[in-house]
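K.L.:
Pasting a structure here, questions to come.
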Ligand SMILES: C[S@@+](CC[C@H](N)C(=O)[O-])C[C@H]1O[C@@H](n2cnc3c(N)ncnc32)[C@H](O)[C@@H]1O
């Protein structure tokens, strides 16, 4: 192993340091993933930037933008590659399908399975497959199979028993049938899924005819193109400053909600407190998606908070509920004189039904606090739309699957 010492940092020393950091922050937990990370020369998969940027950048590196300037392809962040690979539990000899190709993750997968020919990576974009093919070959992984295809569709020539692991590395808003059809009976599907305005990379296994999650990772990805592309719907409540993100075609009357938002507000504080380092809010956000509908996210700029248009909300958005004429969202306030800092969750509501809606959301938060706060991550189950087995209650309906969250 290369030693980290004095002198100019080489890609090898930078990589050793990166792996040590990933281990220290808990992104790498297994010796197998650690060993793969030490072997794969990550910098060769991002020749557009320096080795320092590759190994020291906490986030991904964008490599292609669409004509509107939105990123459509990237080499994902090291911590995200690591957490997804840990969640995938890849073992030697497994057949693996990666959807979305950058080259780097496919090389890591090749190290984990121990045979490059067992790894297939597909990308919808011919520029990206050409780039991945070239970089994989240059880095010594030329036997990885790189295919240009819409990953939402069944692949040509899948292994007869299916793929042991399918790892989707692009933001999906559905679980196309092709993925479950191509997944081996004991397979694991790892996929960044968007639902109700949230993005979570979810590891699923099969359970009695449906999929069941066992890992949720907070993550953001470039959006899927092709058959499974989606267009999120946003209702502007105050120009660009305050928006309600409405997913999955949920009903939302833009005019009535905008009018409600300009009217009086009602506040209710829940008594439910969070510590700054507790990761309770991400768990609550997902849990609420299975407990109440319609449900989405209120996003506001800092300027909107500063002008008092909204309560104190996080920049990535806060849970929101609404009905025909009213809406309510969660906000935070600092609990005085606590070290470390603690925050209380509250509800701010607008519209003629504001008190009722605020009580509804407050009750849900308190129920979470009593029943689910300390129960680990919520469990997401995905049932194919043609199944009859779907339990009653709040569901999140996608084109191919119906999700329950408990
Ligand atoms: C975040 S990048 C992949 C990162 C990569 N796996 C790595 O090693 O870091 C996402 C990729 O998904 C691709 N993509 C988007 N929609 C797709 C689809 N329907 N099928 C296959 N690939 C798709 C994009 O072209 C983009 O290159």
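K.L.:
Picking from 45, 62, which residue would you name as being closer than 11 Å to residue 102 by Cα, within 20 Å of the chain's Cα centre (by Cα) and either in the same structural domain as residue 130 (by TED's automatic domain parsing) or surrounded by fewer than 14 Cβ atoms within 10 Å (Cβ to Cβ) (or both)?
P.N.:
Every option except 62 fails the conditions.
K.L.:
Can I ask one more? Can you confirm whether segment 302-316 contains a residue that is in contact with a strand residue (DSSP E or B) (Cβ under 6 Å, 6 or more places away or on another chain), closer than 17 Å to residue 244 by Cβ and at pLDDT 95 or above?
P.N.:
Scanning segment 302-316 turns up no residue that is in contact with a strand residue (DSSP E or B) (Cβ under 6 Å, 6 or more places away or on another chain), closer than 17 Å to residue 244 by Cβ and at pLDDT 95 or above.
K.L.:
Would you confirm whether or not segment 71-78 contains a residue that is part of a loop (DSSP other than H, G, I, E, B), under 18 Å from the mean Cα position of the chain (by Cα) and assigned by TED's automatic domain parsing to the domain that holds residue 172?
P.N.:
Yes, because at least one residue in segment 71-78 is part of a loop (DSSP other than H, G, I, E, B), under 18 Å from the mean Cα position of the chain (by Cα) and assigned by TED's automatic domain parsing to the domain that holds residue 172.
K.L.:
In addition: Return the residues of segment 91-142 that are away from the ligand (no atom under 13 Å from the Cβ), under 23 Å from residue 61 (Cβ atoms) and in a loop (DSSP other than H, G, I, E, B); say none if nothing qualifies.
P.N.:
Hits for segment 91-142 are 140, 142.
K.L.:
Please work out which one of (1) away from the ligand (no atom under 16 Å from the Cβ); (2) free of Cβ contacts under 8 Å to residues at least 40 places away in the same chain is the condition residue 265 fails and give its number.
P.N.:
The failed condition is (2).
K.L.:
So, in segment 226-246, of the ones that are within 16 Å of the ligand (Cβ to nearest atom) and surrounded by fewer than 19 Cβ atoms within 10 Å (Cβ to Cβ), which residue ends up modelled with the highest pLDDT?
P.N.:
226
K.L.:
Among the residues of segment 255-272, which ones are over 31 Å from the mean Cα position of the chain (by Cα) and part of a strand (DSSP E or B)?
P.N.:
265, 266
K.L.:
Can you tell me which condition residue 52 does not meet? The list is (1) more than 16 Å from the ligand (Cβ to nearest atom); (2) part of a helix (DSSP H, G or I); (3) buried (at least 16 other Cβ atoms within 10 Å of the Cβ), and all the others hold.
P.N.:
Among (1) more than 16 Å from the ligand (Cβ to nearest atom); (2) part of a helix (DSSP H, G or I); (3) buried (at least 16 other Cβ atoms within 10 Å of the Cβ), residue 52 violates only (3).
K.L.:
While we're on this one: Which residues, counting only those in segment 281-310, are part of a helix (DSSP H, G or I) and either touching a helix residue (DSSP H, G or I) at 6+ places or on another chain (Cβ under 9 Å) or surrounded by fewer than 19 Cβ atoms within 10 Å (Cβ to Cβ) (or both)?
P.N.:
Across segment 281-310, the qualifying residues are 281, 282, 283, 284, 287, 288, 302, 303, 305, 306.
K.L.:
Got a number for residues in segment 349-387 being assigned to a strand (DSSP E or B) and over 16 Å from residue 284 (Cβ atoms)?
P.N.:
Selection size over segment 349-387: 6.
K.L.:
Would you pick out the residues in segment 190-220 that are under 19 Å from residue 82 (Cβ atoms) and surrounded by fewer than 21 Cβ atoms within 10 Å (Cβ to Cβ)?
P.N.:
199, 214, 215, 217, 218, 219, 220
The values are calculated or read from the model by the stated rules, or taken from the named source; none is laboratory data. Computed from a prediction, not measured in an experiment: that's the story for all the values here. Glycine also receives a Cβ, built like all others from the backbone with ideal geometry; neighbour counts cover every protein chain displayed.
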